[in-house]
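Read the structure below first, then the notes.
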Amino acid sequence: MSSYYVQYSNRARSEYNGLPANVRRDFDSAVSFMARNPYAHGAAIRGDKDRRSACLGGVITEYEISSSVLVVTMLKLVSI
């Protein structure tokens, strides 16, 4: 199975940049794992299977999957 490309909205990139270095390292590792099968992580938001919420590396995320082009777009990150 191909890995999905992960991109960040401006909001998510700003939130990512604000994470401490150790949290970013764990998050990056979890995102790499999630990108292999993004549907297997988290839960659908409001019944939309392509829009998901998951805790990845200690960070609560919202992301959207574009399966036709193998892209995951990070929409929102909240460190816990």
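The values are calculated or read from the model by the stated rules, or taken from the named source; none is laboratory data. All figures in this text were calculated on a predicted structure; none of them were measured in a lab. Neighbour counts are summed over all protein chains in view; Cβ atoms, including those assigned to glycine, are modelled from backbone coordinates with ideal geometry. The accessibility values were calculated without ligands, DNA or RNA, using every heavy atom of the protein model including side chains. Shrake-Rupley method; radii C 1.70, N 1.55, O 1.52, S 1.80 Å.
Some points to look at:
- Only listed residue being on the phi < 0 side of the Ramachandran plot and not β-branched (Val, Ile, Thr), chosen from 19, 70: 19
- If the condition is being of a type in the set (Gly, Ala, Ser), surrounded by fewer than 18 Cβ atoms within 10 Å (Cβ to Cβ) and not in a strand (DSSP E or B), then the stretch 43-62 contributes 47, 58.
- Restricting attention to the stretch 3-28, the residues that are part of a loop (DSSP other than H, G, I, E, B), within 20 Å of residue 52 (Cα to Cα) and not aromatic (Phe, Trp, Tyr) add up to 2.
- Looking only at residues of the stretch 65-80 that are open to solvent by 70 Å² or more (accessible area, probe 1.4 Å) and of a type outside the set (Gly, Ala, Ser), we find that the one that is farthest from residue 7 (Cα to Cα) is 80.
- When residues in the stretch 18-42 are screened for being surrounded by fewer than 14 Cβ atoms within 10 Å (Cβ to Cβ) and within 12 Å of residue 74 (Cβ to Cβ), 0 of them pass.
- Annotation note: Cβ proximity below 8 Å between a residue of the stretch 25-38 that is at pLDDT 95 or above and a residue that is open to solvent by 80 Å² or more (accessible area, probe 1.4 Å) (sequence gap 6+ or interchain) occurs for 35/5; 36/1; 37/1.
- Taken together, 60, 45, 80, 65 contain a single residue that is touching a strand residue (DSSP E or B) at 6+ places or on another chain (Cβ under 8 Å) and modelled with pLDDT under 95, which is 80.
- Any pair with Cβ under 9 angstrom, 6 or more apart, that starts in the stretch 46-61 at a residue that is more than 19 Å from residue 7 (Cβ to Cβ) and ends at one that is at pLDDT 95 or above and of a type in the set (D, E, K, R): 58/26
- Selection of first residues in the stretch 4-17 that are touching a residue at least 12 places away in the same chain (Cβ under 8 Å) and of second residues that are open to solvent by 100 Å² or more (accessible area, probe 1.4 Å) and of a type outside the set (A, V, I, L, M, F, W, C), restricted to Cβ pairs under 8 Å at least 6 apart or on distinct chains, gives the following pairs, ordered by first then second residue: 4/36.
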